[in-house]
1. Return the only residue of Arg171, Arg185 being within 29 Å of Arg39 (Cβ to Cβ), surrounded by fewer than 21 Cβ atoms within 10 Å (Cβ to Cβ), more than 19 Å from the chain's Cα centre (by Cα) and among the basic types (Lys, Arg).
2. For the stretch 54-62, check the following and say yes or no: at least one residue is out of contact with any Pro (no Cβ under 7 Å at 6 or more places or on another chain), part of a helix (DSSP H, G or I), aliphatic (A, V, I, L, M) and in contact (Cβ under 8 Å) with a residue 12 or more places away in the chain.
3. Within the stretch 19-31, does at least one residue satisfy the condition of being basic (Lys, Arg), open to solvent by 30 Å² or more (accessible area, probe 1.4 Å), at pLDDT 95 or above and part of a helix (DSSP H, G or I)?
4. Restricting the search to the stretch 70-94, which residues are closer than 18 Å to Tyr273 by Cα and of a type in the set (Ser, Thr, Tyr)?
5. Could you please find all residues in the stretch 210-238 being open to solvent by 30 Å² or more (accessible area, probe 1.4 Å) and in contact (Cβ under 8 Å) with a residue 40 or more places away in the chain?
6. Looking at the structure I just gave you, is Val81 closer than 20 Å to Ile174 by Cα and among the aliphatic types (A, V, I, L, M)?
7. Pick from Ala115, Ala63, Ala19: which is under 23 Å from Asp135 (Cβ atoms) and touching a helix residue (DSSP H, G or I) at 6+ places or on another chain (Cβ under 9 Å)?
Amino acid sequence: MPSDNVSRIVAARVHDPGAVAAAAERRVRATSLLGEHGRAMIIAADHPARGANGVGADPGAMADRPELLDRLCTALERPGVTGVLGTADILEDLLLLGVLDGKSVFGSMNRGGLAGSVFEIDDRFTGYDAETLADMGFDGGKMLTRIALSDPATPSVLENTARAVNELNDRRLIAMVEPFLSEWRDGRIHNDLSTDAVIRSVTIASGLGRRTARTWLKLPVVQDMERVLAASTLPALLLGGEVTDPEAAFTSWGRALRQPTAQGLVVGRSLLYPAGGDVAGAVDKAVGLL
């Protein structure tokens, strides 16, 4: 990213903090969550706030903020990209750069379950709240909801997710719930990506909150997605995750997108840091699936 853009962001933060709110106020909002192709293509960049900075063999890839912003700007300018998901620090940088016009914007809400920590399941809401998302004119909030049946922190995770669903719904904002059935193994949390486990997580997440009219699910692509996506009538966005085999990933995404509840993709590292480094090419290929 050109150094003058970084300097502009820093100057605003130092000398004119109100510039963030002003940029949010004048931002042209998206007319629809879905693009001209009728599907959402959302770029995710909320990993660093959870201490998950690694991509592939580089443990600090996402910790270089100018580089991350440069990749985000490249992705957001590609035709067919409809929105972005991030924490306040990243979304405010993008607001100050003026690249969020016409995009749907989702704020990440719970980032307290730091990657690799002993309290990872106790994922407290340290990011956006519903009131601020509404004040900023954003479209919704995202909650990572890990369900670990052997971890006593899980009930509070479910309760806090349900509360956020309620508060977002009250403000007519989308609640994007990302559920996993998880387990402790050798001192680390592992998400169970078996088909039956993902189905169980879908049925649990679908019932959270006193209303679900504005609840969307963010789901991993696993085997037998027909069964997974048949477990709920809630709209679903497909999670990209970190991809080791791009061709296989694109094939599986395309197959899952044929299901009626699948409304698009939410992809981060695999598009922002693709093998070979061609961000525009990777994003265009993903958009082509829609």
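1. Numbers: Arg185 fails: within 29 Å of Arg39 (Cβ to Cβ).
None of the others qualify; the one that does is Arg171.
2. In the first step, residues of the stretch 54-62 are kept if they are out of contact with any Pro (no Cβ under 7 Å at 6 or more places or on another chain); the result is 54-61.
From the residues that got through so far, the ones that are part of a helix (DSSP H, G or I) too are 61.
Checking the rest, the ones that are also aliphatic (A, V, I, L, M) come to 61.
Remaining after also requiring in contact (Cβ under 8 Å) with a residue 12 or more places away in the chain: 61.
Yes; the residues of the stretch 54-62 include at least one that is out of contact with any Pro (no Cβ under 7 Å at 6 or more places or on another chain), part of a helix (DSSP H, G or I), aliphatic (A, V, I, L, M) and in contact (Cβ under 8 Å) with a residue 12 or more places away in the chain.
3. First, the residues of the stretch 19-31 that are basic (Lys, Arg): 26-27, 29.
From the residues that got through so far, the ones that are open to solvent by 30 Å² or more (accessible area, probe 1.4 Å) too are 26, 29.
If we keep only those that are at pLDDT 95 or above too, we end up with 26, 29.
Remaining after also requiring part of a helix (DSSP H, G or I): 26.
Checked against the condition, which is being basic (Lys, Arg), open to solvent by 30 Å² or more (accessible area, probe 1.4 Å), at pLDDT 95 or above and part of a helix (DSSP H, G or I), the stretch 19-31 yields at least one hit.
4. Passing the criteria: only Thr74.
5. Arg210, Arg211, Thr212, Ala213, Arg214, Trp216
6. Working: closer than 20 Å to Ile174 by Cα: yes; among the aliphatic types (A, V, I, L, M): yes.
Judged against the criteria, Val81 is a match.
7. Details: Ala115 fails: under 23 Å from Asp135 (Cβ atoms); Ala63 fails: under 23 Å from Asp135 (Cβ atoms).
Within the list Ala115, Ala63, Ala19, the selection yields Ala19.
The values are calculated or read from the model by the stated rules, or taken from the named source; none is laboratory data. Everything quoted here is computed from the prediction, not taken from an experiment. Because the Cβ atoms are built from the backbone with ideal geometry, glycine has one as well, and the counts that use them run over all protein chains shown. Remember, those area values only see protein heavy atoms, side chains included, never the ligands or the DNA or RNA. Shrake-Rupley method; radii C 1.70, N 1.55, O 1.52, S 1.80 Å.
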